[in-house]
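Beneath this line is the structure, given in structure tokens, with notes to follow.
The values are calculated or read from the model by the stated rules, or taken from the named source; none is laboratory data. Predicted model only: the values in this text are computed from it and were never measured. Positions of Cβ are generated from backbone atoms using ideal geometry, with glycine treated the same way; all protein chains shown enter the neighbour counts. All accessible areas refer to the heavy atoms of the entire protein, side chains included, with ligands and DNA or RNA removed. Shrake-Rupley method; radii C 1.70, N 1.55, O 1.52, S 1.80 Å.
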Amino acid sequence: MTQLRMAAVLLAFVAAVTLAGAGVSAETHHVVGGWGPDFNATAWLLGRFFTVGDKLLFEYGGGDEKTVEVGRSEFATCNLTNPIRMLTDPVSHVALEDEGVRYFTSGDPESCRKGLKLPVTINPAHDHGHDFDPSPPYDPWKPDEPSKPDVPSPPYEPWEPDVPSPPHKVPPPPYEPYKPPPTPTPSPAAALLDAGLGLVLAAAFWISI
């Protein structure tokens, strides 16, 4: 009975060691070797798959190159004035503890602009032996597109009715100077009557004298 109990304890211990070893083996150390002007991030990332629990080890390829971790917009513009963290050890270890994308660049803005930068897409923890698609959800090299400015609406203009055009004016007739009416010519009968009346008046005048 005692031997069976010891065998059970030994079996449990072996199982625990085996599980612990499996957990350790699932952790991958990604060595970023030759971090410097000649480092090719695109070639280094090819075929790599990062999961929660993995680690990055930055080994520098000479010179004064250092590594900083920044946000996405700073990664795109190489704005290193406010980094998330600075890695200054000769061999810098970075634990990938959470899902998402982390951005690493050279500590020198000029080297960053020349391409010394590394985006790392971290996936959920899983067995590395499974077949997973390592494609990131978006292109981390692509900078954020600026938002389009709002186009202001045209100023409000109150409605105004159409003003009718003035009526067509008739031009006045051309100026003509005043002409007196012609004097009527008396008829022959009227002329004889006037002459007879004149004789009668003259005769009456002489008689009265």
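List pairs: first in the range 109-131 and under 11 Å from GLU99 (Cβ atoms), second at pLDDT below 90, Cβ under 8 Å, 6+ apart or cross-chain?
Hits for this filter: THR121/PRO134; THR121/PRO136; THR121/PRO137; THR121/PRO140; ASN123/PHE132; ASN123/PRO134; ALA125/ALA26.
Restrict the check to the range 105-116 and report whether at least one residue is touching a Gly at 6+ places or on another chain (Cβ under 9 Å), at pLDDT 70 or above and among the β-branched types (Val, Ile, Thr).
No, the range 105-116 contains no residue that is touching a Gly at 6+ places or on another chain (Cβ under 9 Å), at pLDDT 70 or above and among the β-branched types (Val, Ile, Thr).
Residues of the range 57-70 being open to solvent by less than 60 Å² (accessible area, probe 1.4 Å) and of a type outside the set (D, E, K, R), which ones? Break it down into steps so the answer makes sense when it comes.
Of all residues in the range 57-70, those open to solvent by less than 60 Å² (accessible area, probe 1.4 Å) come to 57-58, 60-62, 65, 67-70.
If the condition is that a residue be open to solvent by less than 60 Å² (accessible area, probe 1.4 Å) and of a type outside the set (D, E, K, R), then LEU57, PHE58, TYR60, GLY61, GLY62, THR67, VAL68, VAL70 are the ones that fit.
Is there a residue in the range 71-83 that is crowded, with 19+ Cβ neighbours inside 10 Å and closer than 15 Å to VAL31 by Cα?
Checked against the condition, which is being crowded, with 19+ Cβ neighbours inside 10 Å and closer than 15 Å to VAL31 by Cα, the range 71-83 yields no hits at all.
Take the conditions surrounded by fewer than 13 Cβ atoms within 10 Å (Cβ to Cβ) and under 24 Å from GLU99 (Cβ atoms) and apply them to THR42. Does it pass? Give the steps one after another, and end with the answer.
Working: surrounded by fewer than 13 Cβ atoms within 10 Å (Cβ to Cβ): yes; under 24 Å from GLU99 (Cβ atoms): yes.
Taking the combined requirement at face value, the residue satisfies it.
Can you go through SER106, SER92 and tell me which one is of a type outside the set (Val, Ile, Thr), over 26 Å from GLU27 (Cβ atoms) and crowded, with 18+ Cβ neighbours inside 10 Å? Don't jump to the end; show me each part of the working.
Values: SER92 fails: over 26 Å from GLU27 (Cβ atoms).
Answer to the selection: SER106.
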